[in-house]
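Colleague: Sharing a structure, written as structure tokens. Questions coming.
Nothing in this text is a laboratory measurement; each read-out follows from the coordinates by a stated rule. None of these values were measured; they are calculated from a predicted model. Here the Cβ is made from the backbone with ideal geometry for all residues, glycine too, and neighbour counts use every protein chain on show.
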Amino acid sequence: MSSGNGNYRVLGTRPRRHDGAEKVTGSAIYANDVQLPGLLTGFVLRSPHPHARIRSIDTSEAEATEGVFAVISGKDFPEVADKVADLGEGSVNLSYLSGNVMAKGKVLYKGHAVAAVAAVNIHVAEEAASKIKIDYEVLPSVTWVLDAMADDAPLLHENLFTDHMGEKDEKPSNTAVHMHFEKGNIEEGFAAADVIVEREFKTATVHQGYIEPHVSVADWTTSGRLKIWTATQGAFTARQQTAEVLQIPISDVVVTPCEIGGGFGGKIAVYLEPVTALLSKKSGRPVRISMTRAGVFEGTGPTPGSFMRVKIGATSDGKLVAGEAWLAYDAGAYPGGMIGPGCMCVFSCYDIEHAVVDGYDVCMNKPHTQAYRAPGATQVAFACEQVVDEIAEQLGICKLEIRQLNAAKEGMRRVDGPVYPRIGLVECLDAVAQSDHWKSPLEGENRGRGIAAGFWFGCGLKSSVSASVNHDGTVNLTEGSPDIGGTRTSIAMQLAEVLGIDTFDVIPQVVDTDSVGYTDVTGGSRVTFATGLAAYEAGLDLQRQMAGRAADLWECSADDISVVEGEFKGPDKSASFKELAQELFKDGEPLVARASVAPDCSTNGFAVHIADVEVDPETGKVTILRYTAIQDAGKAIHPSYVEGQMQGGAVQGIGWALNEEYFFNDNDTMDNASFLDYRMPTMLDVPMIDTIIVEVANPDHPYGVRGVGEPPIVPPPAAIANAISEATTTRFFELPMSPPKVWKGLSETS
Amino acid sequence: MAKTVLVTTTINGESTEFLCKPRESLLEILRDTLGMTGSKEGCNNGNCGACTVLIDGLPVDSCLVLGVEVEGVEITTIEGIADVGQLDPVQDCFLDGAALQCGICTPGFIVTARALLDKKPDADEQTIRFDLSGNLCRCTGYDKIVRAIQAVQESN
């Protein structure tokens, strides 16, 4: 493929987005805005206990309530056998998925769905749900990862046996998986080290915090086909999961992905889709459920809290020679957390010859954890990047220089196996050195500057598009990737670039699962890369078709026609795409192309952030004074939306660093399930987030695109911890670094 | 069942009547009774600002106002910010400045920003951040939203 960073007409410009007017006027249709005749409203009843056996459920009084049309509970769902389904970005055991959608036998966390009601409105539904009588036998519970790993911990699943790299333990355990990676010889590595730093870290459970709650509308009444309108990152994934949970053929389900109000990895698993489907079937009416905010916090999404021990050795010249990590991550109620990528990312930024990583996926009485933007990577960066900083301090080396000295480069093998192709970490670190931020001195008491690096794979997976040429030479582009942050435009721009037309000559549309080829989720930083690649391929196909047709028209051989910057050039005639499209429309078949891709590669995104903080020793409050995010985007198709990803990821990371956490009380139930008490950053909490886009072309994309969505959440907690250490000479090893913890830490040091 | 009440109010300049139960919020009335779904529900307890409307020019979370309370007031919703065929400068600047990603918080931000600019056209960055701190956005990190509002100020 040709390399990127050429001279482009469309790429690198900043047009408005195609769906912009709808989104600024309130006319865009999100799942909660869908209207259907006779639409009922549903409500999910949730467990008040973190761990309990369900002895019985009596729904009779709820069913008898006026205005109630259907009540369902676990017994209404079919049994789903143990089977692992590939969901594109990650896989899921379908029996666990089914059990998470509606509890059967036991509830495993406070907030676990136990029953649902469909009624004329939300008030009647809530009232009826309060009349459902459930007899619980409350069981002992556990919510801290090391407690959950203990031999005497309350067991969530009697049939779960720890899988050590394929070998199963004989005694049941909450630890689902033990992973192990190594390279080199770790003893040799540490023996060669002049300095060794080992630290333990803890991070709290946090939520993705999308502003739109989960919403699903289902109509399973007339044709036998189940129609679903939902807020999902992947319509095909939602279709597959819904069909499996309901044990019906995939072809019986059509999912329309509505506009989606944020996902960040938390809107891939289904929660409400099968529930609304069964309520619709039972009531004979379409049903909508919009989750309450407390339901979102207590029943969906969080990303793992963790306990980590990281040890790194270096020679006196600053070369990192040995790294050892022991990581235990929350899986929540069911196996299958984010420990895999945690293990793969912990040393991903550095060339360390000898390394060993052990990781544990641990069940406990919390909601089942889900992906959250570079899932599993932010935790390990918080650990690794602080240890690297401490080594630099002990050796008296500049903290940027130690990273430049050890930065991962092309040809380096990660501890989990893969060898990097061309990557851009060195260029990001060089951009730090060149930046105004790094060069400007930071003065004042209680102030400090920190840096940290972060990595995320970025995946390819499957995407399909079709492109049909209108007789005015514009192109309708049909795609299956829900647009969460401007991807209609970043994909359309790539088609426009190939064809030599303008961004707005391409009319992109995101359609339902009946109307486009299979497409994996909007996740893994993959859409602009992979669906963009499909659009590019479709553009090339259109050009081939049109060159062939032009040859007939111009009475020459197709070989004599070349396409230069979208212009068709024959021996004595030439035409632009639009001119030729209009000409060809007069006779012959319509011009339609389709492309489907499955690039089997990572796009390897690196980010480095600089944070300046001021710590108030009286209150422990940390204020971000200045913040710069640097990232290799490969090629920034629409720079504004690349910056937007960098800024948004940085601020999510700032929230993770300084405030966000699930508070579990002594009863193992969450105390802060609202936006008031789960404190995400407001506009007043953060400064402007400066951005520097680095472009080191990705060799696996014709324009050099790399995934950009995920890397920017990785460095912030580490960069801020490093900055706090500079400001106060106290290091913090626990997230969040909230005022009470910082105040306490500073009091203990002084 | 509680008594249904007839409420007469003005929404986006049009006199509007609706029937409502005392427990129904203004957000429910707008979305479910009147079909005006531009105001979004993010939390339903006044913490996220996605449902912000103006009541007599003041931004309020419509999920915290009861339908029966709006008798005789003037309400502006996101649907009333643009003129027919002509976006408001705040909307234009949000689009040009890429100040939205998923868009679910955007109606609330635009309504709040409009009220801010009407009242304090020269608001500095700190004032903008203070006045919009009741609106949560999880996608943008706020940078481009602040800059879009500043761009409206510069274009005046």
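Colleague: State the answer as a single residue: which of B:19, A:566, A:295 lies farthest towards the positive end of the charge dipole of the protein assembly as shown, with beta carbon charges of +1 for Lys and Arg and -1 for Asp and Glu, about the Cα centre.
Modeller: Value: B:19.
Colleague: Using +1 on the beta carbon of Lys and Arg, -1 on that of Asp and Glu, and nothing else charged, what's the dipole of the protein assembly as shown about the Cα centre, debye to 20? Before the final figure, lay out each step's value.
Modeller: On the way: 73 positive and 122 negative charges, 212 e Å.
For this selection, approximately 1020 debye.
Colleague: To two decimal places, what compactness ratio does region A:522-596 give when its Cα radius of gyration is scaled by 2.2 N^0.38 Å? Don't skip to the end; give the middle numbers.
Modeller: On the way: Rg = 14.4 Å, N = 75, 2.2 N^0.38 = 11.3 Å.
Compared with the compact-globule rule of thumb, region A:522-596 sits at 1.27.
Colleague: Per residue of B:42-55, count partner chain C-beta atoms within 10 Å of its C-beta, then hand back the mean as an integer.
Modeller: Mean shielding by partner chains, rounded to a whole number: 4.
Colleague: Using amide H atoms built 1.01 Å from N in the peptide plane, name the residues 5+ places from residue B:5, or on other chains, whose amide H lies under 5 Å from its own.
Modeller: B:20, B:21
Colleague: Under a point-charge model restricted to the Cβ atoms of Lys and Arg (+1) and Asp and Glu (-1), what is the dipole moment magnitude of region B:1-41 relative to its Cα centre, in debye to the nearest 20?
Modeller: With Lys and Arg at +1 and Asp and Glu at -1, about 160 debye.
Colleague: What net charge is computed for the residues neighbouring residue A:158, neighbours being all others with C-beta under 13 Å from the C-beta of residue A:158, Lys and Arg scored +1, Asp and Glu -1?
Modeller: My count for the surroundings of residue A:158 gives +3.
Colleague: Now, a different point. Which whole-number percentage describes the relative contact order of region B:1-151, with Cα contacts under 8 Å and a sequence gap of 6 or more?
Modeller: 24 percent
Colleague: Follow-up. Per residue of region A:613-624, in order, report the coupling 6.51 cos²θ - 1.76 cosθ + 1.60 (Karplus, θ = phi - 60°) as ³J(HN,Hα) in whole Hz, putting x for Gly and Pro.
Modeller: Couplings: 10, 10, 10, 8, x, 6, 10, x, 6, 9, 10, 7 Hz.
Colleague: Got a sec to turn the phi values of region A:556-562 into Karplus ³J(HN,Hα) couplings, 6.51 cos²θ - 1.76 cosθ + 1.60 with θ = phi - 60°, whole Hz, x for Gly and Pro?
Modeller: 9, 7, 4, 5, 7, 9, 10
Colleague: In addition: Restricting to lysines 8 or more places apart or on different chains, can you count the pairs in region A:1-121 with Cα atoms under 28 Å from each other?
Modeller: Lysine pairs meeting both conditions in region A:1-121 amount to 7.
Colleague: From the phi of every residue in region A:369-374, what ³J(HN,Hα) in whole Hz does the Karplus formula 6.51 cos²θ - 1.76 cosθ + 1.60 yield, where θ is phi - 60° and glycine or proline is x?
Modeller: Whole-Hz 3J(HN,Hα) from phi for region A:369-374: 5, 10, 4, 9, 5, 6.
Colleague: Scan chain A and hand back the longest stretch that contains none of the trypsin sites (Lys or Arg not before Pro) lying in DSSP loops with at most 11 other Cβ atoms within 10 Å. Could you put the intermediate results ahead of the total?
Modeller: Details: sites that count: A:83, A:586.
My reading of the result: A:84-585 is the longest stretch.
Colleague: Taking every pair of alpha-carbon atoms in region A:528-672, give the share separated by more than 27 Å as a whole percent.
Modeller: When every Cα pair of region A:528-672 is considered, 56 percent fall beyond 27 Å.
Colleague: Tell me which DSSP H helices of chain B clear both cut-offs, 15 Å or more of axial length from alpha-carbon atoms and a mean Kyte-Doolittle hydropathy of at least 0.0.
Modeller: Passing helices, by number: B:106-119.
Colleague: By what distance, in whole Å, do the Cα atoms of region A:1-126 stretch along each of the three principal axes, largest value first?
Modeller: 68, 38, 25
Colleague: Here's another thing I want to ask about it. Based solely on its DSSP helices, what 222 nm [θ] is calculated for the protein assembly as shown when runs of n ≥ 4 H residues each add -39,500 (n - 2.57) and the sum is averaged over all residues, nearest 500 deg cm²/dmol?
Modeller: Calculated mean residue ellipticity at 222 nm is -8000 deg cm²/dmol.
Colleague: Over the Cα atoms, compute the radius of gyration (one decimal) and Dmax (the largest Cα-Cα distance, rounded to a whole number) for region A:324-380, in Å.
Modeller: When restricted to the Cα atoms of region A:324-380, Rg and Dmax are 11.9, 38 Å.
Colleague: Is there a simple number for the mean count of other chain Cβ atoms within 10 Å of the Cβ of residues in A:263-272, and what is it?
Modeller: Details: counts 3, 3, 0, 0, 0, 0, 0, 0, 0, 0.
Whole-number average of other-chain Cβ neighbours for A:263-272 is 1.
Colleague: When N counts the residues of region A:389-448, how does its alpha-carbon radius of gyration compare numerically with 2.2 N^0.38 Å, as a ratio? Intermediate values should be presented prior to the final figure.
Modeller: On the way: Rg = 14.8 Å, N = 60, 2.2 N^0.38 = 10.4 Å.
In units of the 2.2 N^0.38 Å rule of thumb, it is 1.42.
Colleague: Right, next: Straight-line reach from residue A:227: which aspartates and glutamates have Cα under 20 Å away, leaving out those fewer than 8 places along the same chain?
Modeller: Of all the aspartates and glutamates, those that pass the test against residue A:227 - Cα under 20 Å, at least 8 places apart if same chain - are A:33, A:76, A:219, A:244, A:252, A:259, A:273, A:479, A:512, A:514, A:520.
Colleague: Continuing with the same structure: How large is log10 I(q)/I(0) at q = 0.12, 0.16, 0.19 Å⁻¹ when the Debye formula is applied to the Cα atoms of region A:596-750, each weighted equally and without solvent?
Modeller: Debye output, listed in q order: -0.60, -0.90, -1.10.
Colleague: Mind sorting A:606, A:529 by how few other Cβ atoms lie within 10 Å of their own Cβ, fewest first?
Modeller: Taking fewest neighbouring Cβ atoms as first place, the list is A:606, A:529.
Colleague: Might you report the magnitude of the Cβ-based charge dipole of region A:1-94 about its Cα centre, with Lys and Arg at +1 and Asp and Glu at -1, to the nearest 20 debye? Please report the intermediate quantities before stating the final value.
Modeller: Values: 10 positive and 12 negative charges, 144 e Å.
For this selection, approximately 700 debye.
Colleague: Taking N as the number of residues in the protein assembly as shown, what is its alpha-carbon radius of gyration divided by 2.2 N^0.38 Å?
Modeller: Here the Cα radius of gyration is 0.94 times the empirical estimate.
Colleague: What relative contact order, as a whole-number percentage, does region A:179-334 give when Cα pairs under 8 Å and 6 or more residues apart are counted?
Modeller: Rounded, it is 35 percent for region A:179-334.
Colleague: What is the distance in Å between the Cα centroid of region B:126-151 and that of region A:272-315?
Modeller: 28 Å
Colleague: Once the Cα gyration tensor of region A:60-116 is diagonalised, what are the square roots of 5 times its eigenvalues, in whole Å and ordered largest first, as equivalent ellipsoid semi-axes?
Modeller: Details: eigenvalues 155, 28, 22 Å².
Equivalent-ellipsoid dimensions as semi-axes: 28, 12, 11 Å.
Colleague: Are there any GluC sites (Glu not before Pro) in region B:22-74 that are in a DSSP loop and have at most 16 other Cβ atoms within 10 Å? List them by number. Display every interim value, and only then the final one.
Modeller: Values: sites: B:24, B:28, B:41, B:69, B:71, B:74; in loops: B:24, B:41, B:71.
Passing sites in region B:22-74 are B:71.
Colleague: When all C-alpha to C-alpha distances in region A:208-338 are sorted into bins of 5 Å, what percent of pairs does each bin hold, rounded to whole numbers?
Modeller: 2, 10, 16, 17, 14, 11, 7, 5, 5, 4, 3, 2, 1, 1, 0
Colleague: For residue A:744, go through the lysines and keep the ones whose alpha-carbon is under 17 Å away, minus same-chain ones fewer than eight residues off.
Modeller: A:202, A:621
Colleague: Considering only DSSP beta bridges with both partners in chain A, what is the antiparallel share in %, to the nearest 5?
Modeller: In chain A, approximately 75 percent of DSSP beta bridges are antiparallel ones.
Colleague: What is the Cα coordinate range of region B:5-80 on the first, second and third principal axes, sorted by size from largest, in whole angstrom?
Modeller: 28, 24, 20
Colleague: Then there's this: Starting from one equal scatterer on each C-alpha and no solvent at all, send me the Debye-based log10 I(q)/I(0) for region B:89-155 at q = 0.18, 0.20, 0.25 Å⁻¹, two decimals.
Modeller: The calculated log intensity ratios at q = 0.18, 0.20, 0.25 Å⁻¹ are -0.54, -0.69, -1.13.
Colleague: Using a 10 Å cut-off on Cβ to Cβ distances, tally the other chain neighbours for every residue of A:25-34 and report the average as a whole number. Don't jump to the answer; show the numbers that get you there.
Modeller: Details: counts 12, 17, 6, 8, 1, 6, 0, 5, 6, 1.
Mean partner-chain Cβ count within 10 Å for A:25-34: 6.
Colleague: What does region A:287-433 give for Rg and for Dmax, in Å, if only its C-alpha atoms count?
Modeller: Over region A:287-433's Cα set, Rg and Dmax evaluate to 17.9, 66 Å.
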